[in-house]
Every structure is written in C-alpha cells, then in structure tokens.
Amino acid sequence: MLDAERLQFRRMRVNENLELGGNATVSCRAEGRVQPRIQWSRLDNDDRFGQLPDDVYADDGGNLHFVEVRSTHAGRYQCVASSEQGTINITVSIEVVGTSCHFH
C-alpha cells in the first residue's frame with residue numbers, strides 16, 4: 001500500500017496555546033484512500049471521552065472552534081479520524097495563555 005493510501009493525520013500539532021478571551025480554531029486533518037470522518041471529544045482525567053464544553057464546537061471540516069477562550073478550556077482533546085480503512089486518533093493538549101487586565 002502506498003503512503004498516500006494509508007489513513008494518516010497530516011501536519012497535526014499536539015500542543016496548542018489559545019489566547020484568553022479570544023476566539024480560536026484548532027484543526028485536525030487526516031487523509032487516506034477514502035476521506036475519513038473527523039470527530040472531536042474532550043478527555044477527562046481518566047482518559048475517558050467527554051462532551052465538548054457548551055462554547056466549544058466542531059464543524060464538519062475537522063475544525064474545533066473555541067468561542068471566548070476561558071481557562072476552563074485548557075485540557076486534552078482527542079481527534080478521531082475514521083473510514084472504511086480503520087480508525088486513528090491523536091490527542092491535542094490545549095493551554096490557555098494571557099492575563100486578565102489589572103488596573104494600576
């Protein structure tokens with residue numbers, strides 16, 4: 001089997017820094033002989049799948065959107081790509097960076 005036919009992720013970053021208070025998008029791209037379906041979930045402390053927070057959503061293109069990034073968005077999110085060729089997954093660690101405003 002040629003590499004281009006194998007189900008694989010392309011150019012995935014496993015660590016992302018999101019700016020506190022901003023909007024952000026994390027992308028998951030996979031390719032194979034058949035275009036895979038992409039799904040996102042959040043992992044809890046026991047590596048179990050959990051639901052995405054209310055203000056985080058995934059679109060059909062494999063993008064995970066964060067609306068008004070909060071410190072509670074930090075954590076581990078898993079991207080799963082599946083097709084008739086099988087299933088692969090990758091975990092992305094999200095860190096929230098930035099400081100709140102301080103008045104002098």
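Computed from the coordinates by the stated procedures, all read-outs in this text should not be read as laboratory data. These numbers come from a predicted model, not from an experiment. Reconstructed Cβ throughout: ideal geometry from the backbone, glycine too, with neighbour counts over all protein chains shown.
Within the option set Asp60, Asp46, being under 15 Å from the mean Cα position of the chain (by Cα), part of a loop (DSSP other than H, G, I, E, B) and either farther than 16 Å from Ser93 by Cβ or acidic (Asp, Glu) (or both) holds for one residue only, Asp60.
Provide a single number: the residues in region 4-35 that are part of a loop (DSSP other than H, G, I, E, B), of a type in the set (A, V, I, L, M, F, W, C) and more than 12 Å from the chain's Cα centre (by Cα). So the count comes out to 3.
Residue count for region 20-39, restricted to those that are touching a strand residue (DSSP E or B) at 6+ places or on another chain (Cβ under 6 Å) and either exposed (fewer than 13 other Cβ atoms within 10 Å of the Cβ) or free of Cβ contacts under 8 Å to residues at least 12 places away in the same chain (or both): 2. Leu52 satisfies every condition listed in (1) in contact with a helix residue (DSSP H, G or I) (Cβ under 7 Å, 6 or more places away or on another chain); (2) assigned to a loop (DSSP other than H, G, I, E, B) except (1). For region 40-70, a residue qualifies if it is of a type outside the set (Lys, Arg), touching a Gly at 6+ places or on another chain (Cβ under 7 Å) and without any contact (Cβ under 8 Å) to a residue 40 or more places away in the chain, and the qualifying residues are Ser41, Asp44. Residues that are without any contact (Cβ under 8 Å) to a residue 60 or more places away in the chain, in a strand (DSSP E or B) and crowded, with 17+ Cβ neighbours inside 10 Å within region 71-81 comprise Tyr77, Gln78, Val80, listed in sequence order. On the stretch given as region 50-102, residues that are among the aromatic types (Phe, Trp, Tyr) and closer than 13 Å to Gly22 by Cβ total 1.
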